[in-house]
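Just so it is clear, none of the values below were taken in a lab; they were calculated from the coordinates. Bear in mind that the values here come from a model prediction, so they are computed numbers and not experimental data. Positions of Cβ are generated from backbone atoms using ideal geometry, with glycine treated the same way; all protein chains shown enter the neighbour counts.
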Amino acid sequence: MKRPLLAFACLAAFAPLAAALAGESGRSLHWANGAAFATEYVWRGQSLTDGKPAIVGELKLNHDSGVYAGIWAGNLDLGPETDTSVEIDYFLGWAKRIGQLYVNAGYLYRQRPSDALSLDFEEVSVFASYDFGVARVGAGSYYAWDYFQGGNSTYTYANIGVPLGKPRGVPVSAVVVAGHHDFSNRAIGDYSTVDLRLVARHKAWSYSIGYSDTDIDPGRSGLLTRDQSDARWRVQALVMF
């Protein structure tokens, strides 16, 4: 079965399950959709829009049991040789908040349509965080067994979010994310990245300004986007509906 068909099959398989769960007492389905505009799409320290603005959207269906599934889409620019301009992600998983503990495990298929190169790949992920009150600390990992540039890849990261107060009633927090991307294809080259963000939330809206950097050496790296991995600032506005 081809990968896109597999992704659709996984989402289709969720439909009868969701319908069955919806019929159970005290259980329900609800949407958590969003759209965002950013000065660029930065993914694990690399700009995937060649420094240009990004518009993304997400449709996500959640069940009270913790099961979820959805589709994410956004514009893309990986260079003229890739012949692609969009990324579509299909995902499903399970997430639950138990007291101050939050856990999430999922599957993700990244589709980047191209007639020139094969850019699609799949990942499985795990994540857990705990809210200590003064800060929320978390860690997670993504694993791809057939990365589009060959071999497998593992992205491991840790984050911390610290509330800074509520000026004029608007919650503001600082978020720090540090990650490391490891590739079995040594020609690609492992790298580390750090991301700093200041986030403000007001009703359904979230605004952030962020700074990211990597230790990628464009002269030695085999990454497709190695020339778009230097330090950069970005601004984003997100709305949930």
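Calculated translational diffusion coefficient of the chain (25 °C, 0.890 mPa s; Stokes-Einstein with Kirkwood radius over alpha-carbon pairs) equals 127 µm²/s. The ASP213 and LEU101 beta-carbon pair, evaluated with R₀ = 30 Å, returns a calculated FRET efficiency of approximately 0.45. Using only side-chain charges placed at the Cβ, +1 for Lys and Arg and -1 for Asp and Glu, the dipole size of segment 3-240 relative to its Cα centre rounds to 1080 debye.
Its relative contact order, with pairs defined as Cα atoms under 8 Å and 6+ residues apart, puts the chain at 15 percent. Taking the chain as a Gaussian network of alpha-carbon nodes connected by springs under 10 Å, the highest mean-square fluctuation of the residues GLN100, GLN111, GLN149 belongs to GLN100. The modelled label-to-label distance between ASP190 and ALA178, using points 7 Å beyond Cα along the C-beta direction, is 1.5 nm. A simple count of charges around GLU81, restricted to other residues whose Cβ falls under 14 Å of its Cβ and scoring Lys, Arg +1 and Asp, Glu -1, yields -3. Determine the distance separating the Cα centre of segment 190-241 from the Cα centre of segment 23-77; give it in Å without decimals. Distance between centres, Cα-based: 16 Å. Translational diffusion coefficient of segment 142-236 (Stokes-Einstein, Kirkwood radius from Cα pairs, 10 °C, 1.306 mPa s): 105 µm²/s.
Considering only Cα-Cα distances, which of the following residue pairs are longer than 25 Å: LYS96/LYS166; LYS60/LYS166; LYS60/LYS96?
In this structure, LYS96/LYS166; LYS60/LYS166 lie more than 25 Å apart at Cα.
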